[in-house]
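Q: Okay, here's the structure, questions in a sec.
Read-outs throughout are calculated quantities, based only on the coordinates presented, and are distinct from any laboratory measurement. Every value quoted in this text rests on a predicted model; they were computed, and no experiment measured them. No Cβ is skipped: glycine too gets one built from the backbone with ideal geometry, and neighbour counts run over all protein chains shown.
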Amino acid sequence: MRADLRLPHGLYVALSSYLLFAIGLKGGAALAGSSPASAAGPLLVALALGCLIPVWAYAVARRLGRFGIDDAAALAAHYGSVSVVTFTAAMAFLGSLDVEVEGYMVAVLALLEAPGILVALFIASRASGNASWHRALGEVVTGRSIALLLAGLAIGAVAGHGGKAPLAPVFVTPFYLVLVVFLLEMGRVASTHLPAIREAGRFLLAFGILMPLFNGTLGVAAGTLVGLSVGGAAVLGTIAGSASYIAAPAAVRHALPRARPGIPLAASLGVTFPFNLVAGIPLYYQLARLLG
């Protein structure tokens, strides 16, 4: 039996906007009590990961997947950027275990939205000269996800924990209920990409699982080395192991019009997203505990 579980587009946008702002607000409040010096190392390491991940993702897609330049660059852009929903799920998972996470990890998330996309487009422009930088940069920088995250981060940082308290009935108490509804919709959307995965073959399935495992392990190890807590290292691993399906598709659509959009979306949303929710996040946490 098939049931139509689709959310109206307006409700989908409203729920995603709520989650983005609430995440930023919570992170900003935690950031208010953090030392800027303590965040410098993790931010620099995260930026390095954001620039390096699309390099090897592109190389694997070209050499092992035998994709063309545009398709390989599109895949690299999706895996070089991040998934806010996966980050949210990781924070919820760690919160359920009472594991503390550094407040500035939201700033890390916002920082990593754009660099991987731009590096992938740079690779494509050097290889074929087809990538359009200015339009793609505008799509990423002015995107709704970054704007809402930064707005919540700024308001939370100014208000602090005390100032956030009056907003708790709106942005804290219903958060997990909204997250569950949103994840249900994301699961439905992910299922629509299953035919594209079958069409692309086993490589895309393997890429969608092994790439986040490699990137996530590297993120956990790097986070541990720069002094992140177990929770912070697990979140950095989750961010590194995630793949974008919001910011990257919009940028790639303008910069690489000849790339097939179904390929990176099938991998990022159809394979990597459910894999991280089911297995990736717990694995990154256990690895962070082991290394910590």
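Q: For a distance above 16 Å, tell me the whole-number percent of Cα pairs in the stretch 205-288 that qualify. Provide the component values of the computation, followed by the final result.
A: Numbers: 1812 of 3486 pairs.
Roughly 52 percent, rounded to a whole number.
Q: Also, I was wondering about something else. Run the quick spin-label model on SER17 and ALA147: label points 7 Å from Cα toward the beta carbon, then report their separation in nm to one decimal.
A: 0.9 nm
Q: Let me ask you something else. Taking 0.36 nm per residue of sequence separation and subtracting the Cα-Cα distance, how much length would be gained by fully extending the chain between ALA48 and ARG63, in nm to one decimal? Please list the in-between numbers first.
A: Values: separation 15, 0.36 × 15 = 5.40 nm, distance 2.32 nm.
Result for the pair: 3.1 nm of gain on full extension.
Q: Sort 83-94, 46-57, 105-116 by packing, meaning the average of other beta carbons within 10 Å per residue, with the highest value first. It would help to have the intermediate numbers written out before the result.
A: Values: 83-94: 23.7, 46-57: 20.6, 105-116: 25.4.
Going from most to least packed, we get 105-116, 83-94, 46-57.
Q: Taking the Cα-to-Cβ direction at ALA37 and at LEU210 and moving 7 Å from each Cα, how far apart do the two end points lie in nm?
A: Output for this residue pair reads 4.4 nm.
Q: What distance in nm lies between label points placed 7 Å from Cα along the C-beta direction at VAL278 and SER128?
A: Taking the two extended label points, one gets 3.3 nm.
Q: What shape does the stretch 15-120 have by the C-alpha gyration tensor, where a ≥ b ≥ c are the square roots of the eigenvalues, rounded means a/c under 1.5, and otherwise prolate means a/b greater than b/c and oblate the rest? Before the final figure, lay out the partial values.
A: On the way: a/c = 2.56, a/b = 1.90, b/c = 1.35.
It is prolate, given that a/c is not under 1.5 and a/b is the larger ratio.
Q: Taking θ = phi - 60°, what integer Hz values does the Karplus form 6.51 cos²θ - 1.76 cosθ + 1.60 yield along the stretch 263-275, in sequence order, with x for Gly and Pro?
A: Coupling constants for the stretch 263-275: 5, x, 5, 4, 6, 6, 8, x, 10, 5, 4, x, 4 Hz.
Q: Something else: What full-extension length gain, to one decimal in nm, is calculated for PHE203 and LEU167 as 0.36 nm per residue of separation minus the Cα-Cα distance? Kindly include the intermediate steps, with their values, before the conclusion.
A: On the way: separation 36, 0.36 × 36 = 12.96 nm, distance 4.64 nm.
Going from the current span to full extension adds 8.3 nm.
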